[in-house]
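A short worksheet on the structure shown next.
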Amino acid sequence: MSKSLNSIYTINYDPKEDFLHGVIAIPARRALEKEKIDSLEKLSDYSEKEIMQMHGFGKNTMEKLKNHMKENQMFFKEI
């Protein structure tokens with residue numbers, strides 16, 4: 001019988017990768033990770049314009065992100 005995928009998943013599990021998982025696509029999540037943005041609190045220190053300049057962010061991704069932040073009572077920095 002083959003090895004369970006659950007055991008493989010737990011070995012490679014990285015809780016940092018869960019930030020915004022299922023909310024925005026991997027390229028945008030990686031761009032945030034590269035800037036060490038791993039929480040909504042850190043994300044709220046940036047303006048929409050600053051985030052939109054990152055790789056992987058377009059109108060659709062930004063809309064999803066803004067909706068997720070609003071659900072969690074968080075907002076982008078006003079310029």
Quiz prompt | Cβ-Cβ under 8 Å pairs, at least 6 apart or on other chains, the range 18-32 side at positive phi, far side crowded, with 17+ Cβ neighbours inside 10 Å | solution = Leu20/Ala28; Leu20/Arg29; Leu20/Leu32; Leu20/Leu65
Quiz item: Restricting the range 5-24 to residues that are open to solvent by less than 60 Å² (accessible area, probe 1.4 Å) and part of a loop (DSSP other than H, G, I, E, B), which is modelled with the lowest pLDDT?
Solution: Asp14
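The values are calculated or read from the model by the stated rules, or taken from the named source; none is laboratory data. Values in this document were obtained by computation on a predicted structure and should not be read as measured data. Quick reminder, even Gly has a Cβ in these numbers, built from the backbone with ideal geometry, and neighbours come from all protein chains shown. Accessible surface areas use protein heavy atoms only, side chains included; no ligands, DNA or RNA. Shrake-Rupley method; radii C 1.70, N 1.55, O 1.52, S 1.80 Å.
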